[in-house]
Amino acid sequence: MGRLQVCDHPLIQHKVTFLRDKKTETKQFRELVDEISTLMAYEATRDFPLTTTKVQTPVVEAEGKIIAGRMVGLIPILRAGLGMVDGVLKLLPSARVGHIGLYRDEETLQPVEYYVSLPTDVAERELIVLDPMLATGGSANAAISILKQRGCKPTKLMCLIAAPEGVKAVQEAHPEIDIFVAALDSHLNEHGYIVPGLGDAGDRLYGTK
Ligand code: URA
């Protein structure tokens, strides 16, 4: 079973509180999503293996450690996942970025793909799926399935706020995926919003509605 890690560093908890605040305007909301994503990337890369190397300091030759041969791909789910990309790229500047767009079929309520664009070498990369809100888990599960169908290796899902329902759905459908969240909230309401949540992440990121 993949891990569920709540990244509850004080800096993250502090920033998430301002993210939740309905008075937080678009500019600050965007900055907070970016900053929290960087801090979460720090946690999500903790298992990256190191290889030893030699480094010549001004004083002596010493042993150093570097992350070698780790090829990463970031897969934001459109559109709110885009808000997390730059924050993660600050720590993983060589990562390639693919995009998955999904809409919800009005009748079946199931996510349907409308856009998939992936790096050419995507199957060789360790993929981190980005979506700020893990609500029912429908979009995350669909995105992970789309990647697997194309022979890819998604290993991690990074979300800012999760509902227990969404975590359970992903763990059941894709038990090998490690899930990283900044906060695990109480539940989903009858409109599918996470409670207490932060409202619609896409609208708050882009100032729509
Ligand atoms: N998507 C959002 O943006 N917010 C929620 O609360 C649930 C899904």
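The values are calculated or read from the model by the stated rules, or taken from the named source; none is laboratory data. No experiment lies behind these values; they were computed from the predicted model shown. Note that we place each Cβ from the backbone using ideal geometry, even for glycine, and neighbour counts take in every protein chain shown. Side chains included, ligands, DNA and RNA excluded: accessible areas come from the protein's heavy atoms. Shrake-Rupley method; radii C 1.70, N 1.55, O 1.52, S 1.80 Å.
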Measuring with a 1.4 Å probe in the full set of protein chains, what accessible area per residue, in whole Å², belongs to the chain? 53
Lysines with Cα under 29 Å of residue 168, excluding same-chain neighbours fewer than 8 positions away: 15, 22, 148, 153, 156
First obtain the Kirkwood hydrodynamic radius of region 63-178 from its Cα pairs, then insert it into the Stokes-Einstein equation at 37 °C and 0.692 mPa s, and state the resulting D in µm² per second as a whole number. 226
How large is ³J(HN,Hα) for each residue in region 119-126, as worked out from phi by the Karplus curve 6.51 cos²θ - 1.76 cosθ + 1.60 (θ = phi - 60°), to whole Hz, x for Gly and Pro? x, 4, 9, 4, 5, 8, 9, 7
I need the fraction of alpha carbon pairs in region 122-200 separated by more than 20 Å, rounded to a whole percent. 27
How big is the accessible area of residue 120 in square angstrom, nearest 10, if you roll a 1.4 angstrom probe over the protein chains? 140
To the nearest 20 debye, region 143-197 has a Cα-centred charge dipole, built from +1 on Lys and Arg Cβ and -1 on Asp and Glu Cβ, of 340
Leaving out ligands, DNA and RNA, and with a 1.4 Å probe, what % of the accessible surface on region 46-140 is carbon or sulfur? 52
How far is the Cα center of region 6-25 from the Cα center of region 61-90, in Å? 22
Exposure ranking of 14, 99 by accessible area [1.4 Å probe, largest first]: 14, 99
Tally Lys/Arg at +1 and Asp/Glu at -1 over every other residue whose Cβ is under 12 Å from the Cβ of residue 35; what's the total? 0
For region 99-209, averaging the sequence separation of alpha carbon pairs under 8 Å that lie six or more residues apart and dividing by its residue count, the contact order in percent is 21
Let's test this: bin the Cα-Cα distances of the chain at 10 Å from zero up to the farthest pair and state each bin's percent. 8, 34, 35, 15, 5, 2, 0
